[in-house]
Every structure is written in C-alpha cells, then in structure tokens.
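Here's the structure, in structure tokens; my notes come after.
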Amino acid sequence: MRTFLLIFAFFILVLASLLIGVKQIDWANFNSIIESGSLVFKVSRFPRTIALILAGVGLSVSGLIMQQISLNKFVSPTTAGTLDAAKLGILVGLIFFPGTSNFTQMSFAFLFTILASLVFMQMLKHIKQRSLIYIPLLGIMFGNVLAAIGTFFGYRFDIIQNMETWLIGDFSKVLQGNYELIYISLPAVILTYLYANKLTALGLGEETAKSLGLKYNTLVFIGLISISLTVSAVMITAGAIPFLGLIVPNIISLFYGDNLKKSLPYTALLGATLLLFCDIVSRLLIYPFEIPIGLTISIIGGIIFLVLIRKRIRYA
C-alpha cells in the first residue's frame, strides 16, 4: 500500500510540475497549445521536471551510499563537506579558467568533491568516538572550513557575487540546453544499484567486509566517485540542495531496512517525490513569483531532521 501511494504521489507531482507556471496555456484552444504551449513544455517545464527528478534521485542515493560507507545515519553530502567542496571547485575553475563551459566547471567541482570525500574518510579512520551525532558535526566543521576558504578567495578575486548564486538551490533557470549535464548522475545511480549488495556489506564495517572477501577500498572509492559525480552535476545545474540526501535514506530505512538492493528504488522514488513537492510549494507560495527551492527544502528538511534525531537517539 505504501509503495502504491508513493508511486501515485510521484506521478501526480510530475503532472503538477508540468502544468504549474506563470505562462498560462489555453487548454480549450488547440491552436494555442500547438503554438505556445508546446514551446513552453519543450524549453522550460519538461527540462525542469526532468532535472528535479534526476536531482532528487541522485542526491538521495548519494546520501544512502555515504551513510553505508561512513557507518553513520546522519552523514550525507550536507553534513560531510561535500557540497562545500563542490562550491570551492567551481570557484577555483572560475578563478583560473574564467568563461569556461559548465562541463569544465563541473570537472573542477568533481575533482574537489572526490578529494574532500577521501579526506573526510581518512578523518573517520582516526576517530575512535563513533557517536551518531559527533561524526556529522565533524563533517559540518570540515565543510565550514572549505566554505571559509571559498569565501576568502571569493573576496580576494572579487567574485563573491557569483558564489552567492550557488548557496541556494534554484531550478527556475533550468532551460533546454543548460541542464543536460545532470544526466551524468544516471550512470552513477545505475552503478550504485549494480554494486548494491556489496555496498550493503560495507555497512557492517571494514573488517567484516574484508572477511567476506570484498575489496573494501575499491568499493569505497566507487561509492565516492558516484557521490562526487552526482553532487557536481546537480551543483552546476541548480545549486546546493541541502538535507535531501540526509532525510530520505533515514525515512526509507525506518520502513524497508538497510538492504540497499531493496531500499534503493524506494530511496530514489521518495527523493524525486519530495523534491518535486518542495519545488511546487516554492512556485505557489508567492505566485507568480518563486522562492528558491533550497530555502523550501531547508525548512522542511530541517524539521524532519530534528524529528529523526530524536527518534534515532531514543532507540540507539
């Protein structure tokens, strides 16, 4: 029943995302639909909906992988410095290669994200206190250090205005021709599904995974590459989307457990559904104007996060 309701909600929200917008389409006039409606769908609404779905799927799955690798339910791209590393990478790309393509900027974001992820994993290996709250707090501190470095260089090279546009996610500028890089997240999600059983074993710890004959370091690196590709693609397309990779895997694990092969499709579906919902709320609250989706999901995600913290600590 839960699965049916989730699928139903997803398709309803997809339809709403396609139909809601400032541009009004006269559905009673067939010529109007052909002349203007098709252009609106092709250039704006269809790309935006596809970008929302792929971003929701990619970030949610990335959060799930990161939680398995770190053995902590509150670690995600939001709480491990991943988003801040991607911003720093884009900043470096703009400083040394101004006016470059989105692909080049995404490449810098990917490079800095994978390096930051490797550093964070090395930090975890030297930490004896494996507290449910301590690890994400360490990740947040690490992210703040990266953000501070980015802010310093942003002021130094007078491009702080460009940095501000990455802080809050916004899909209002997603149009045909400038969102296609987000399709790069699809191979990362497929790769995650193919390695789902092995990544599940990583959640048992390094020693257990090695005792099962798994190449622990190789699997961790594959997982981090998938996360870095997804975060970089979403960052270039729409900016930072916080909390999604944190709350969605936790909600799914409460109902379907921690087996990735089983929970991965539900994680992807709920991530896309939640992001579509937040985007529609952002479009309708002050219609015909729009609130950045990063602000909306920060409020909704923050509330859910607090509830999850209380629930996890109570049963820890």
Check: Modelled label-to-label distance, Met1 and Ser101, 7 Å Cα→beta-carbon offset: nm?
Finding: 5.2 nm
Margin query: I need to check one value: relative contact order of segment 73-315, counting alpha carbon pairs closer than 8 Å and at least 6 residues apart, in percent.
Written below: 25 percent
Note to self: Quick check on the exposure proxy: order Ser117, Ser60, Ser211 from fewest to most C-beta atoms within 10 angstrom.
What the structure shows: Ser211, Ser117, Ser60
Item checked: Extension gain (nm, one decimal) between Ile20 and Leu118, 0.36 nm per residue minus Cα-Cα -> 31.1 nm
Next item on the list: May I ask you to derive the FRET efficiency for Leu39 and Tyr287 from their Cβ-Cβ distance with R0 = 22 Å, giving the value to the nearest 0.05?
Entry: 0.55
Notebook entry, point to check: Calculated FRET efficiency, Met141 and Phe8, Cβ-Cβ r, R0 45 Å, to nearest 0.05?
Noted result: 0.65
Note to self: Could you give each residue of segment 144-157 its phi-based ³J(HN,Hα) in whole Hz, using Karplus coefficients 6.51, -1.76, 1.60 with θ = phi - 60°, and x for Gly or Pro?
What the structure shows: 5, 5, 5, 5, 5, 4, x, 5, 4, 5, x, 5, 4, 9
Next item on the list: Match the structure shown to one of the listed values (1) 19.8, 65; (2) 19.7, 68; (3) 21.1, 69 of Rg and Dmax of the Cα atoms in Å, computed from it, and give that label.
Entry: (2)
Next item on the list: Could you calculate the contour length gain from Asp258 to Gln176, that is, 0.36 nm times the residue separation minus the distance between their Cα atoms, to one decimal place in nm?
Entry: 25.8 nm
Notebook entry, point to check: Of all the stretches in the chain, which is the longest one without any exposed loop site, taking trypsin sites (Lys or Arg not before Pro) in a DSSP loop (any state but H, G, I, E, B) with at most 13 other Cβ atoms within 10 Å?
Noted result: 24-127
Notebook entry, point to check: At 222 nm, what helix-only mean residue ellipticity would the chain give, in deg cm²/dmol to the nearest 500, using -39500 (n - 2.57) for each DSSP H run of four or more?
Noted result: -23500 deg cm²/dmol
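The numbers here are math on the coordinates, done by the rules we state, and not lab data. Quantities reported herein were computed from a predicted structural model and do not represent experimental measurements. In this analysis, Cβ positions are derived from the backbone assuming ideal geometry, glycine residues included, and neighbour counts consider all displayed protein chains.
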